[in-house]
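Written out below as structure tokens is the structure these notes cover.
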Amino acid sequence: MLAWFTDLRLAAKLAVPLSILLAVVAAIVWQATGSLAGLAGSLEEATGRTAARTALAFQVEAAVNGAAVAEKNAIIETDDAHRRDSAALFDERIARARDAAARIVPLALPERRAVLERLAALVGEYEAVARRSLGLALQNRNAEAQAVSDGEGRKARADLAALIRDVTDYNEKALEAARADGAALAAGSTRQLYLLAGGGLLVAVSLLLAIVLGLVVRPLAAVTDAMGAIAGGDLAT
């Protein structure tokens, strides 16, 4: 079955295990490249998109809190100019909240898109209530403005804060899961590389040993036997 191999010249026979070693090296490089690409993709999601979603959620929270403070200041202010300043500050803060909420939606995972769209909607709902409160405050109807802010406004802010906590908690868990997946992928890839390298080296070394035995050890043993026979007077050998 291996007659074709036996008929090869020595250089060709030695080239076979060398070719196997080169093939093993190429396979290891290919496997390592694929594993690193998968790991890079996992880390990109973990450190990139997930971290960006968390940062934007906190930006929404900070901007809404700033808007709420500006709204409250407009209600309690007695000077019309200060009220207008507070209203302008509200406009700035709520615009930041809308912008962050709009930018977080494209970063959503498919199964979480509805949640982040709801976050953007809640920002709009809070803005609508707060603007009613501000409108009343700018008309010096402070008691009515306070009632709107403490009633519908407080509920809108609470709903928004709860959803932001849900988003950040989910993202934190997603980061932990991505880190665990990355570690598992790295461990699995390492095992595959060890198996691939070990198997290839075993085949190459076994073939090399067969060549050495067939071309060196056995011929030397035959020569030794023949010389011993000649020394013993067996000239027929």
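The listed residues are LEU134, LEU107, LEU116, and the only one of them that is surrounded by 13 or more Cβ atoms within 10 Å (Cβ to Cβ), closer than 30 Å to LYS173 by Cβ and modelled with pLDDT of 90 or more turns out to be LEU116. Within the stretch 145-172, being over 34 Å from the mean Cα position of the chain (by Cα) and surrounded by fewer than 20 Cβ atoms within 10 Å (Cβ to Cβ) holds for GLN146, ALA147, ASP150, GLY151, GLU152, ARG154, LYS155.
In the stretch 41-63, of all residues being of a type in the set (Ser, Thr, Tyr) and under 8 Å from the mean Cα position of the chain (by Cα), the one that is modelled with the highest pLDDT corresponds to THR47. Only one residue in ALA81, ALA121 is within 34 Å of the chain's Cα centre (by Cα) and exposed (fewer than 15 other Cβ atoms within 10 Å of the Cβ), so which one is that? Checking each option against the conditions leaves just ALA121.
Condition check ((1) of a type in the set (A, V, I, L, M, F, W, C); (2) over 28 Å from LEU175 (Cβ atoms); (3) out of contact with any helix residue (DSSP H, G or I) (no Cβ under 7 Å at 6 or more places or on another chain)) across all residues:
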position: THR78; (1), (2), (3): no, yes, yes
position: ALA88; (1), (2), (3): yes, yes, yes
position: GLU152; (1), (2), (3): no, yes, no
position: LYS155; (1), (2), (3): no, yes, yes
position: LEU160; (1), (2), (3): yes, no, no
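In this structure, ILE75 does not qualify as within 16 Å of ARG132 (Cα to Cα) and at pLDDT 95 or above. Residues that are part of a helix (DSSP H, G or I), surrounded by fewer than 17 Cβ atoms within 10 Å (Cβ to Cβ) and of a type in the set (Lys, Arg) are absent from the stretch 66-75 altogether.
The residues in the stretch 116-156 that are within 23 Å of ASP166 (Cα to Cα) and of a type in the set (D, E, K, R) can be counted, and the count is 7.
The values are calculated or read from the model by the stated rules, or taken from the named source; none is laboratory data. Computed from a predicted structure; not experimentally measured. Counting neighbours? That spans all protein chains shown, and the Cβs are built from the backbone with ideal geometry, glycine included.
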